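Step one of this worksheet: look at the structure below.
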Amino acid sequence: MAVTNVLIAGVGGQGAVLASELLALAAVAAGHDVKQGEFHGVAQRGGAVFSHVRFGDRVYSPMARCGDVDFLLALERLEALRYAHFVKPGGTIIVNDHKVEPIRVADQRPYPDEAIDFLEAKGFNVVVVEATGKAIELGNHRAANVVLLGALAESLDIPQEVWDKTLQDRIPERLLSLNQQAFAAGRQLTIS
Amino acid sequence: MAKRLMSGNEAVARGAWEAGVAFAAGYPGTPSTEVLERLATYEEIDAHWSSNEKVAFDEGMGAALGGVRTMVTMKHVGLNVAADPFMVFPYAGTNAGFVVLVADDPGMYSSQNEQDSRYLAKVAKVPVLEPADAAEARAMAIAAFELSERFQTPVMYRTTTRLAHTRGVVEVGERSEAPRKEFSRQASQYAIPVYARFRRPELEEKLDRLREFAEEFEGNVIEEGDPKVGVVSHGIPYQYVKEVAPEATVFKLGMVYPLPKKKLKEFCARFDTVYVVEESEGFIQQEMASFGITKLIGKERFTNIGELSADLVAAGLNGTPVADDFAGEVAVLPRPPVMCAGCPHRGVFGTLKKLGLLVTGDIGCYTLGCLPPFNAMHTTFCMGASIGNATGFNKAGEERVVAVIGDSTFLHAGLPSVLSAAYNRVPTTTILLDNGTTGMTGHQEHPGTGHSLKGGPAPAVDYEALIRSLGVEHVEVVDPWDLEATERAIQAGLAHPGPAVVIARRHCNLLPEEKAKERTAYRVDPDECILCEDCFETGCPALVWQDDLPYIRDWECVGCSMCSQLCPADAIGPVEEV
């Protein structure tokens, strides 16, 4: 099987790394070779965080090449823009319809509210998901990462039993039900 | 064997555990930190955070000489702190296996410099192993202990950020206990300064034997491919080579010092040109050139600045251009890290900005104090430098200078500088940011926290008594959320004629016990707000513009009240009161 490349991006604290770890664990359980490389400096401090997940028969590089990413999952709109050049022509960008203003620096241009239109004009298959809205509905805005993962799962060939077991094994008991609901909600959002 | 998904750091720890490691020590430093955290999870391993890397190294030497397999862990700049014993230990050689894990940070994701530790190993005459993925990280940890005991040498186990933080599939094994080896009390081998001249030739002989070993080491492998394209690589760069040139013939080095001279010469004789693909400096290329090998292409094509990538390696090998991001077409705004909402450091840096002081800084989250909106840190170099730097500025005639240093950093390398200022009666003012943890690396315990790495209770340093005992008469504790009190305390410290220490004490908001606290979020009253923007001087990420007004995101606000203290219109207060 050719290597599938997924890039997950967000703001420190949004759970981009956990989402990518869940995907990597599910891919291992589904029998793939996997590499998952995460990029964070002082990640808890609100900076940009991203992680590559690559799976297939044999994976070498921990990160995909520019233009090779099949799916970009962005937990925030500006972060979708930041990494969109990694996505292959016509590739899929699943983006949380959520905005986190970066800290203001001198002479900074305004936040790019046109992000989604820009990405669509570039020919990407942009799927806008109300992940944070859905997560708040479920009782915790932090579950947006797993909503987004559920949205991605619809496009991957990993059986639901594998996802179920992965969530069970990795998510602490007290948060399991929330995350199971978030995952299911994400799937539902992409189907409809 | 069971297959598991593990990060490089976890896999190193797993391999060390399987190799029978009994003692491990280190000091936190990204990207090395998780190795020791993971080692500590094994009940057979006695693991602890040391007060700094030199101490960890000294303790490790003692344990290995005392007969148990030992791993010490640190980042590249940590090895600088431990460089003194690192350079001398090889003169003695070890008894039981001794491996120092050193994690380099190409790209400086969380470091003050790029530093290729292979050079330090060469200076110390210590062999270096470097894995290329998590599976190798486990296996090579076991090989490192075998190598160490076979040659009675300390071994450097080098990783990089990408190796440390990449998860991969690892087949794990079981632990083999390593029986304790008896220490023989021979001063002629271990009392180095007295016997160094006698030991010196033996060090060279050992290095010669290590060179021979490199020729047979099974981690140095040739992967046959296209007879026209020859590549020498190692570690993570090897993965990039396989990604972009799967057809190439690759000499993959698992031992990056000393190199297998004979094998490399034979390999290179087969090709018109050999590409040397390595990250950071051209260490392998230079070594190979010193063997008389010509026609090498390395750093001319593969930059020594920052981290390599598959795209950069493709550009170097084939001239494939690296794609640009979309920043030229749309506002891809930078998103630098920020201090968290309610971070106690904010109170100190807001005050330092207001007072217009010259600030010498140190290594930690608070280094972000040099960024807007504070711009209130003017120098930062390395662990503990702030205090000595402030003393020096004072000597140069600068009176309005303060040093700012975190609690873990203070205990790591700040103490000797306070002692020097006190001893020499220099009126150095130090602000000790005591947030009760090692914040930036992810909340490790340290001698001030009251807990050990393994989780048990530990004595917590009494900073006030400790600092007074060094000869500092003026020590004052203040809550940095109280802006008025913080300003008063800093002014009093500066006014004191001798050295002074102001302890700004409040726990990091991200600590679990802080997160668990009931918090009342604050709110901006739109009818009272005069749009002066003073509240934005906090730089708090919970405070944003919404509908042309300052707005506090209640889910992020921890109720520190600092924005409210800055508001001249009394427009900000706890949610239920406004």
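Here are a few things to note about the model shown:
- Single condition B:ARG523 does not satisfy, out of (1) under 26 Å from B:TYR463 (Cβ atoms); (2) surrounded by 18 or more Cβ atoms within 10 Å (Cβ to Cβ); (3) over 35 Å from the mean Cα position of the chain (by Cα): (1)
- Criterion violated by A:ALA27 - all others in (1) without any contact (Cβ under 8 Å) to a residue 40 or more places away in the chain; (2) facing chain B (nearest Cβ under 9 Å) satisfied: (1)
- Pairs meeting the criteria (first residue in the stretch A:113-142 and of a type in the set (S, T, N, Q), second residue surrounded by 21 or more Cβ atoms within 10 Å (Cβ to Cβ) and part of a helix (DSSP H, G or I), beta carbons under 6 Å, at least 6 apart or on different chains) are A:THR132/A:ALA144.
- Entry remark, the stretch B:315-330: residues being within 7 Å of chain A (Cβ to nearest Cβ) and charged (D, E, K, R) number 2 in total.
- Tally, over the stretch B:227-249, of residues that are more than 11 Å from every other protein chain (Cβ to nearest Cβ) and open to solvent by 10 Å² or more (accessible area, probe 1.4 Å): 4
- Qualifying residue in the stretch A:120-129 (condition: in a helix (DSSP H, G or I) and either on the phi < 0 side of the Ramachandran plot or within 12 Å of chain B (Cβ to nearest Cβ) (or both)): yes
- Matching residues in the stretch A:39-55 - criterion: being touching a Lys or Arg at 6+ places or on another chain (Cβ under 8 Å) and either modelled with pLDDT under 90 or at the interface with another protein chain (Cβ under 7 Å from one of its Cβ atoms) (or both): A:GLY46, A:GLY47, A:ALA48
- The sole residue among B:ARG425, B:ARG505 that is open to solvent by 10 Å² or more (accessible area, probe 1.4 Å), in contact with an Asp or Glu (Cβ under 8 Å, 6 or more places away or on another chain) and of a type in the set (Lys, Arg) is B:ARG505.
- Restricting the first member to the stretch B:541-555 and to residues that are more than 10 Å from chain A (Cβ to nearest Cβ) and more than 15 Å from B:ALA571 (Cα to Cα), and the second to residues that are open to solvent by less than 50 Å² (accessible area, probe 1.4 Å) and in a strand (DSSP E or B), the beta-carbon pairs closer than 6 Å and six or more apart or on different chains are B:ALA542/B:ILE552.
- Which listed residue is modelled with pLDDT under 95 and either surrounded by 18 or more Cβ atoms within 10 Å (Cβ to Cβ) or within 9 Å of chain A (Cβ to nearest Cβ) (or both), from B:LEU312, B:LEU296, B:LEU333, B:LEU308: B:LEU333
- Selection count where residues are among the aliphatic types (A, V, I, L, M), away from chain A (no Cβ under 14 Å) and closer than 30 Å to A:GLU21 by Cα, scope the stretch B:162-215: 0
- Selection status of A:PHE183, under 13 Å from the mean Cα position of the chain (by Cα), among the aromatic types (Phe, Trp, Tyr) and either farther than 15 Å from A:ALA9 by Cβ or more than 14 Å from chain B (Cβ to nearest Cβ) (or both): yes
- The stretch B:461-474 residues that are assigned to a helix (DSSP H, G or I), paired with ones that are hydroxyl-bearing (Ser, Thr, Tyr) (beta carbon under 9 Å, 6 or more apart): B:ILE467/B:THR430
- Scanning the stretch B:252-271 for residues that are more than 22 Å from A:MET63 (Cα to Cα) and either within 12 Å of chain A (Cβ to nearest Cβ) or part of a strand (DSSP E or B) (or both) yields B:MET255, B:VAL256, B:TYR257.
- Only one entry of A:ALA80, A:ALA64, A:ALA2 meets the criterion of being open to solvent by 30 Å² or more (accessible area, probe 1.4 Å) and either more than 7 Å from every other protein chain (Cβ to nearest Cβ) or at pLDDT 95 or above (or both), and that entry is A:ALA2.
- Members of the stretch B:40-84 that are surrounded by fewer than 19 Cβ atoms within 10 Å (Cβ to Cβ) and under 18 Å from B:TYR119 (Cα atoms): B:ALA83, B:ASP84
- For the stretch B:111-161, a tally of residues being more than 14 Å from chain A (Cβ to nearest Cβ), hydrophobic (A, V, I, L, M, F, W, C) and part of a loop (DSSP other than H, G, I, E, B) returns 1.
- Residues of the stretch B:86-110 that turn out to be open to solvent by 10 Å² or more (accessible area, probe 1.4 Å) and in a helix (DSSP H, G or I), as a count: 3
- Within the stretch B:430-458, the set of residues being without any contact (Cβ under 8 Å) to a residue 12 or more places away in the chain and either open to solvent by less than 40 Å² (accessible area, probe 1.4 Å) or assigned to a loop (DSSP other than H, G, I, E, B) (or both) comprises B:GLY450, B:GLY455, B:GLY456.
- The lone exception for B:ALA196 - which of (1) among the hydrophobic types (A, V, I, L, M, F, W, C); (2) part of a helix (DSSP H, G or I); (3) in contact (Cβ under 8 Å) with a residue 60 or more places away in the chain; (4) surrounded by 14 or more Cβ atoms within 10 Å (Cβ to Cβ) it fails: (4)
- The one condition in (1) over 30 Å from the mean Cα position of the chain (by Cα); (2) open to solvent by less than 20 Å² (accessible area, probe 1.4 Å) that B:LEU531 fails to fulfil: (2)
- Flag for A:ALA135 being in a helix (DSSP H, G or I), of a type in the set (A, V, I, L, M, F, W, C) and closer than 21 Å to A:ALA24 by Cβ: no
The values are calculated or read from the model by the stated rules, or taken from the named source; none is laboratory data. The structure displayed is predicted, hence computed values, not measured ones. All Cβ positions, even for glycine, are placed from backbone atoms using ideal geometry, and neighbour counts span all protein chains on display. In case anyone asks, the SASA skips ligands and DNA or RNA and just uses the protein heavy atoms, side chains included. Shrake-Rupley method; radii C 1.70, N 1.55, O 1.52, S 1.80 Å.
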